[in-house]
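What follows is a single structure, written as C-alpha cells, with notes after it.
The values are calculated or read from the model by the stated rules, or taken from the named source; none is laboratory data. Keep in mind that this is a model prediction, so the values were computed, not measured. All Cβ positions, even for glycine, are placed from backbone atoms using ideal geometry, and neighbour counts span all protein chains on display. The accessibility values were calculated without ligands, DNA or RNA, using every heavy atom of the protein model including side chains. Shrake-Rupley method; radii C 1.70, N 1.55, O 1.52, S 1.80 Å.
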Amino acid sequence: MLKKLRRILRSLGSKLAIRHFKERSDDSNISNCQSGGFLYRLIGKILFFVVILLQAGGVFAQAETWEQLNTRLEDLYQKRDYIHAVQVAEQALEAAQKEFGSKHINVAQSLHRLAFMYFSKGDYGSAETCNKKALAMREEILGSEHPDVSESLNNLALLYDVQGRFKEAESLFLRALKIDEKHLGLAHPDLATSLNNLAEVYRKEGRYADAEPLLKRALEIDEKTLGVNHSHVASDLNNLAGLYSDQGKFLGVEALYQRALEIQKKALSPDDPELATTMNNLAGIYREQGRYQQAEALYQRVLEIDRKIFEKDHPNILRDLNNLALVYHGAGKYSEAKNLHKKVLAIRGKKLGPSHADVAQSLNNLGLVHFSVGEYEDAQALFKRALEIREKVLGPDHPDVAQSLNNLALVAEVFQGGQGAESGYRKALEIRGKTLGADHPDTAQSLYNLAQFQDSLAQYPEAISNYKRALEIWEKAWGPDYVNSLRTMNCLARLYRFQKDLSQAETLGKRVVALCEGRSDFFPSEMSQALSLLAEIYRDRGIYDAAEKFYQRALKISRKALGPDHYEVGILLHNLARVYYLQSKFSEAEGVYEKALVILKKNLDKNSPELGIVLKNCAYNLYALGKDDEAREKESEAQSIFAAVRV
C-alpha cells in the first residue's frame, strides 16, 4: 500500500535520509503521508484479497458495514485527517472481529491498517502493538512466507527503525526482502521498496558501501517498470542523493534533488508531503553551503505544507522546526534558534523518552546555540547528555558520538583552558576517519578544529598541515567557494602572514575575495576577513594607500552584514585608524579611533586587553596632534586596564 521517503537531521548539519514504507497494492491509489522525518510513498489498496474471501463465504450483507468503514477510512486518509482516520480504523477492527471472528484474515488486515493510521499520526507505541498482532495472525493463517507477512515485517521494521532499534529493523527487513524476491521476482516496484528500506538502515548505521548498491538497484527497477518520470523514481533519486550527501559526495547532489523536484511537480499536488520532503532535502544542501536565505524559504514552505497535514507535535513538524532552528543558528539569529530547539527538545523528550537518538540530536543542537553565545557551562552539560545517549543507543564508534566528542572538546578549549581539548579532537577525528572515511567533510571538520587548537598554541607547522588537508577535502566535496573552504583559506593566509610568507598569504586572500565576488550570495564574514587580511599584508609592506582601501571595503561589508555597532566593525575601525596614523594622517585617525572606542566599549569588558591596546594607540595619535592632556588621559586609562589584567 505504501512506500516512504525519509530525510533525517542529525546535527548541526541536517543530514538527510530518505526511505520507503510499503503496503502491497492491487489497484487504487491512496494519497501520501509523512511521519517522523520520513515521507511515505503510497501505492494504495482496496482490500481486493479480502473481498474475494467475503464473496467465497457468502457474507455480502455483513461485509457491507465493514467495507463502508474501510471506504470512509480511505477517504479520511486521502484528506490526511489522521485523528478521525484512527477512530474509523478502530471501528473497522471491531466490525471485522464481530462479523468474521477474532481469528479471521480480515481482522489481521484491519489491525494492519489501524497500525498504519497510528503510525501516520505519530503514535508509534500503538502502531507497534497492532503491527505485532497483525504479523502473528498473518503468519498463523497464511504461512510464514506469504506476501502479506512481508508487508507486516516491513512495517514493524520501520517502527523499530524510527525508534533507533536498527539491528531489529535490519533483521525484519532482510526477511521481508527474501519473501519479496521469491514471490515478486527481481524486477517489481514493491521489491524496490524493500531494497530502499534496508538501504536506509545501512545508511543510518554508517554502512554506506552496503546501502549504495541497494539504492541503485531500486532506482533501476523503478525506472524500468514505472518509467523515468514516475514519482517513485523521484523517491529513489532522493534516497541516492541523501546517501551521497552522508558520504560527503556533495557535487552533483543538488542536481539529483532538482531532478526529483521536477518529476514531483508534474506528478504530485503542490501540497504533497513527498514534494515537501524533497524541498526539505534541497534546503539541507543550501544550509550546508551557507545559503541561509534560500534554505529558510524552502524550510518555511515545508513547514507550511506539513502544518496542513499533521498535528503540532508530529515528528515531521518537529523535524521542520529543528531545521529552521539550524538555519537561524547559521545566520546568527541565536534567540530564535534557541527557542525553537527548546520547543523541539521538550516535545521529543515527552514523546520519545529521554534516551532516544533524536533527543540527543536536540540536546546537541541546543548546546551549540549556547556555545555560540558564550554560555559554555550550559553547552557543556547539554553536550554531555547527548554523548551519553549516543554512546548507549548508537555505540562508541558512531559518527554522532564523534560529533559530541568534538563539541565537548570545543568547550574544553574555550572554557577549561584547553584541558582535554586535543584528546577530544583526536578521538573524534579517529572515529570519523574510520566510519566515514578520510575524505568525508566531517573528517575535514575534525582536522579543521584540531588545526584551530594547534593554531592557538602557536603550533603553526602542525596547524598549517591540518588546515591544508581540511581544505583539500572540502574543495573536493563542495568546491572552493563553499563557506568552510573560504574560512580555511583565510586561516591559512593568516598563518602564512605570521610566518612572513606574505606572497602565499596575499595569493590566498585574493582568491577568497575573487570567489566571494563570483557568488550572488557571497559570504560577508569571509569576504570581510579576506579584505582585512589583505589590508594587513599591504600595511606590513608599507603600501598604506592600498591597505586603507581594503579596510574601507571590509568596513562597508561588515557594517551592512553585522550592524554599525558590532565588535568586528570596531576592530576594523581601529585598524583603519592605525593605517591613517602610519601615514601621518593624524586628524583622520583621531575621529576613527574615537568611533572604534565607542563601539568596543559597548562590546568588551571594561578591563579587556584589546580595549587597552586601542586606548594606547589612540593616545599615541593624540600626542602626535599635540593634545597631550587628552593623550595622557587615554594612556592612564590603558595602564589601569593592563594593571588589572596583571593582577
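Data for the structure
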read-out	value
Length released on extending from residue 343 to residue 384, taking residue separation times 0.36 nm less the Cα-Cα span	12.8 nm
Gap separating the Cα centres of region 164-228 and region 342-366, nearest whole Å	29
Structure-derived semi-axes √(5λ) of the Cα gyration tensor in Å: which label, when the choices are [x] 59, 23, 21; [y] 51, 34, 21; [z] 114, 27, 25	[x]
Farthest toward positive dipole pole in the chain [+1 Lys/Arg, -1 Asp/Glu at C-beta], among 294, 379, 239	379
Residues of the chain: accessible area per residue with a 1.4 Å probe, Å²	40
Solvent-accessible ranking of 223, 212, largest area first, probe 1.4 Å	223, 212
Residue among 498, 584, 573 farthest towards the positive dipole end of region 490-647, charges placed on Cβ	498
Net length gained if the chain between residue 300 and residue 313 were fully extended (0.36 nm per residue, minus Cα distance)	3.0 nm
The chain, dipole about Cα centre (Lys/Arg Cβ +1, Asp/Glu Cβ -1), debye to the nearest 20	540
Pairs from 98/121; 224/249; 167/434 whose Cα-Cα separation, in the structure shown, is over 23 Å	98/121; 224/249
Cα shape, region 519-624, gyration tensor, a/c 1.5 rule	oblate
By accessible area with a 1.4 Å probe, ligands and nucleic acids excluded, highest first: order of 285, 571	571, 285
Sorted peptide list for 382-393, 149-160, 305-316, criterion being average Cβ within 10 angstrom, highest first	149-160, 382-393, 305-316
373, 401, ranked by accessible area, largest first (probe 1.4 Å)	373, 401
Apportionment of accessible area to carbon and sulfur, the chain, percent (1.4 Å)	51
